[in-house]
1. If you take the residues in the stretch C:54-79 that are in contact (Cβ under 8 Å) with a residue 24 or more places away in the chain and more than 15 Å from the chain's Cα centre (by Cα), which one is surrounded by the most Cβ atoms within 10 Å (Cβ to Cβ)?
2. Could you check residue C:98 against (1) over 26 Å from residue C:56 (Cα atoms); (2) out of contact with any strand residue (DSSP E or B) (no Cβ under 6 Å at 6 or more places or on another chain); (3) loosely packed, with under 15 Cβ neighbours inside 10 Å and say which number it fails?
3. How many residues does the stretch C:25-56 contain that are modelled with pLDDT under 90, within 17 Å of residue B:28 (Cα to Cα) and at the interface with chain B (Cβ under 10 Å from one of its Cβ atoms)?
4. Among the helices (runs of 4 or more DSSP H) contained in the stretch C:57-147, which hold 2 or more residues that are closer than 23 Å to residue B:27 by Cα?
5. For the structure I just gave you, tell me whether residue A:471 is at pLDDT below 85 and under 15 Å from residue A:586 (Cα atoms).
6. Answer with yes or no whether residue C:120 is modelled with pLDDT under 90, at the interface with chain B (Cβ under 7 Å from one of its Cβ atoms) and buried (at least 19 other Cβ atoms within 10 Å of the Cβ).
7. Please go through the stretch B:18-30 and give me each residue that is facing chain C (nearest Cβ under 7 Å) and in a helix (DSSP H, G or I), ordered by number.
8. Could you tell me which numbered condition residue A:136 fails, if it satisfies all but one of (1) in contact with a strand residue (DSSP E or B) (Cβ under 9 Å, 6 or more places away or on another chain); (2) without any contact (Cβ under 8 Å) to a residue 60 or more places away in the chain?
């Protein structure tokens, strides 16, 4: 339990590592040894995270065992507990809400499994600083969701640290690279255990900054800096949404405390519906930018300009899930704001589903292996957001968990391929690599099967849960989302098979001799591949495990990660698993693979259709041009703001101002002639001359005062001040 | 003790500082006189802080001390630069802005 | 009270005399020493006003650090040690007039407004801990701003004064 209350140590260690590497890396530690500092720091953090996970599971077990009694009795206890802890977290200097253990709640709502609630562990210091009468606290909020993310972030980060030691060896900014990997890990860990919204913003922005720095790691080349700037600016757009959302939440609840806000939404319900709707829309903009949702996803594929391990760590497994995590963390807000569960469509579900669809579509037309994976990430993040949109909290977090492993494996595999094939990512220059790189090939295929959702790999279980969530919904089903999900399942399997074909099958089309990567790269790949197989076991549905008599191991993510203390209050239910839906999902994935297999291996199907058929070609171009979204932003949106204004200004200049000036000029000329003859020569001339000489004389007189000496000016200043003071004090 | 005894002391020191800033030729002396003025203000702040029973007066005085330290640092750097370029720090010899 | 008033009288007399000495002496090192006396006198005044932390800071920062800076400035600019013939500019009467006018009006205004108001005697004594509590909570943002200002001044001074 100690670790849960002192969780601040977890982000602190990589932060210290960042400072140490940045300040002492080159001079004292030595370029060839800095990676050890980074790996050691993240390794310690990984161990701490595992201890935290065990501590958290123990805590859940304790609260379940001690309090799962009479339902009615428990319900009362919960209500008391809510009000008590709600008020107690608002005062006191340093106190741990942890002392107050969880209250049992055999949830009586239909369809829910009725787990006991487990209170989150909150350690905080009130009065970190205050401004304008608002006290800002600082602290950590540890619950199941945090622990889940701790495991994901530290595991992936540790493997990426190890892998990078070989991948970026000899890089001109090796020290800098490791420093920022550490800082990124620290900021993400800080973000996931943020106790209040202000800390959350800080973590969010830090993550964005690290992403900017690491995308632009090779900034000597123009496209890389462009990509970094694009990522940063696109994220800024969303950050405005985050700020607005946080301000609305603060305005409504008068606190930044995440725990209190979640509880208050649960208690107040529809009273604050409108405010929550506004906040949700604003926060959704932030999610769109950070988690690459339509229409702000365009930065993510460009962000592949960074080193590949960075892509694996930041743009696949951890940073981009920050948006998903934020929705999960503030789920009651979104649940109330978007009225999840009461209608068959809402903004979040639609954005998620639509993103999943267009991301999968885009992945077909890419030749850059990393961009295929990037669009696949966009698509899978869309899946998670869609799951949250349909009320399947657990499914989204479970998918986040499994996806992190197999996507990191795919990215690192792509890095390994590029490492072997002369640093190209173009699949047209690969092919046949399965013979040269057996380890990379095997791990890549395993992860592909996981991503495609083939039984029994991890992706199958999480994807199935999302489809189930869309199918069963909360109070009403989400048929449109189910269709999106099924189509995407088919497409995912197909485009990943395409990648395998171009990269590992056929004849080698590149130059030189490809070779397998060294052990330091393949071992992380194998670890991730194993996780891609077994990660699904963490949330197996009960009927599957009943076969083996292991019911107690069912729904581990749901049991331990779900923040029941918030979700029970809003009445979230869990659908029963459905066998035939799982079969449909599996059949779709297999069909996708089969289509791709027939197309590439057996060479059947409409090859060259895009050359022959006008419509097919148009469609392909449409996808190849990324639905023209980049054009929309740079040419149409910016252009329509820039050009018409320039044109209007020009027109105004040409027509209106010129006309006025010309007319005025003509009039002035005519008038001038008249004035010149009658008035000017006669009377004015003499007057003006007199004024001129007068001004000259005055100027000569005043010139004496302009001595150029500072002290004379000072005398004038203080003298004037004195005179003004005399006027104010004595006269007025 | 009267409030005014401190305020009047501050006022006198301020006036003396003003005279020093305006009359002394040496750049370092001008800076010293500025310190005198700042200190006079500090005395006022602390005195008023006591009068109104608030700690803010002392906090402000603290900030002024910090700002004064920064000002002396930059000011002396400028004086040094002047000396290096013109071999003199007599402020009335610099009249490039003469009209 | 009487003791305090006597103390104040002595301190104030020394302070004002030293200040006048500072702006009128012809020896620049003497001027610096006079400034030490003025700053010390002010520190004593802070003690009279129960501002212990300000008094300490005054001694540490001004007499300790700023005065050393001044002495360095005097040395680095090779100011002649001893009497300097033209320490005061030609326009000193104007300066004196400005200073007198400003001082006069301030004194008049103070006497007019505050007269013989006595200093609040029931005022709390703010110890160092109270000052630090205030600085690190209520005034944390100004405090951070000052730290940035000091950094900027440091860099500015280095950039200006280094030889390149």
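The values are calculated or read from the model by the stated rules, or taken from the named source; none is laboratory data. Please read all numbers here as calculations on a predicted model, not as lab measurements. A quick note on method: Cβ atoms are made from the backbone with ideal geometry, for glycine too, and the neighbour counts reach across all protein chains shown.
1. Among residues in the stretch C:54-79 that are in contact (Cβ under 8 Å) with a residue 24 or more places away in the chain and more than 15 Å from the chain's Cα centre (by Cα), the one surrounded by the most Cβ atoms within 10 Å (Cβ to Cβ) is C:74.
2. (3)
3. The number of residues fulfilling the criteria is 2.
4. Passing ranges, in order: C:67-76, C:92-114.
5. Values: at pLDDT below 85: yes; under 15 Å from residue A:586 (Cα atoms): no.
Judged against the criteria, residue A:471 is not a match.
6. For residue C:120, the condition - modelled with pLDDT under 90, at the interface with chain B (Cβ under 7 Å from one of its Cβ atoms) and buried (at least 19 other Cβ atoms within 10 Å of the Cβ) - is not met.
7. The answer is B:18, B:19, B:20, B:22, B:23, B:28, B:29.
8. (2)
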